[in-house]
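Take a look at the structure below.
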């Protein structure tokens, strides 16, 4: 298998994985509908940052250590699960607060452009969600070594393969963001935003609980 075949084969696997709905999809859709397009893109960029870090870690063997150590894997799993449950509970709490405040229609028409702090918050949310998900690391350590051609530098290949996944992920998330933008005129009422927060919050809590309760590998 040469370099081109390696990147193409991994791209097919990563592309299929990208299309499977999951926590990344839920976060970006919620950010696009309930926040701003800039915030959604920052979240998507954070998700890609997490993928790149995991890809490099897998290439240099850090993920292999994680996969081999039951204690390390379990600790990261619990941390990731707690983070997802906290994110989900925060959204559910905010939806209750919106019920109490009864936001005015004027506030629903549009939102100002995201500030640098908000963009950083979106990036941090996407990055943290991926870095605290050990399944991403396990996926990379299980797949990346299989797509490294003989004699190729592992670190460079890890960066290239993770880069392919990032490009595919950003393309898919960009499609979702613009698609959500077209639908936002019907989905940005106060009631719709509360529903979006509740659905996303429930999904995040569900992912967190499933991650925490899954059998140890």
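Okay, residues lined up against (1) surrounded by fewer than 24 Cβ atoms within 10 Å (Cβ to Cβ); (2) over 13 Å from the mean Cα position of the chain (by Cα); (3) assigned to a helix (DSSP H, G or I); (4) at pLDDT below 80:
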residue: 49; (1), (2), (3), (4): yes, no, yes, no
residue: 54; (1), (2), (3), (4): no, no, yes, no
residue: 65; (1), (2), (3), (4): yes, yes, yes, yes
residue: 71; (1), (2), (3), (4): yes, yes, yes, yes
residue: 77; (1), (2), (3), (4): yes, yes, yes, yes
residue: 81; (1), (2), (3), (4): yes, yes, yes, yes
residue: 85; (1), (2), (3), (4): yes, yes, yes, no
residue: 92; (1), (2), (3), (4): yes, yes, yes, no
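Determine whether residue 44 is closer than 13 Å to residue 118 by Cα, assigned to a helix (DSSP H, G or I) and modelled with pLDDT of 80 or more.
no
The values are calculated or read from the model by the stated rules, or taken from the named source; none is laboratory data. Computed from a predicted structure; not experimentally measured. Every residue, glycine among them, receives a Cβ derived from its backbone with ideal geometry; neighbour counts consider all protein chains shown.
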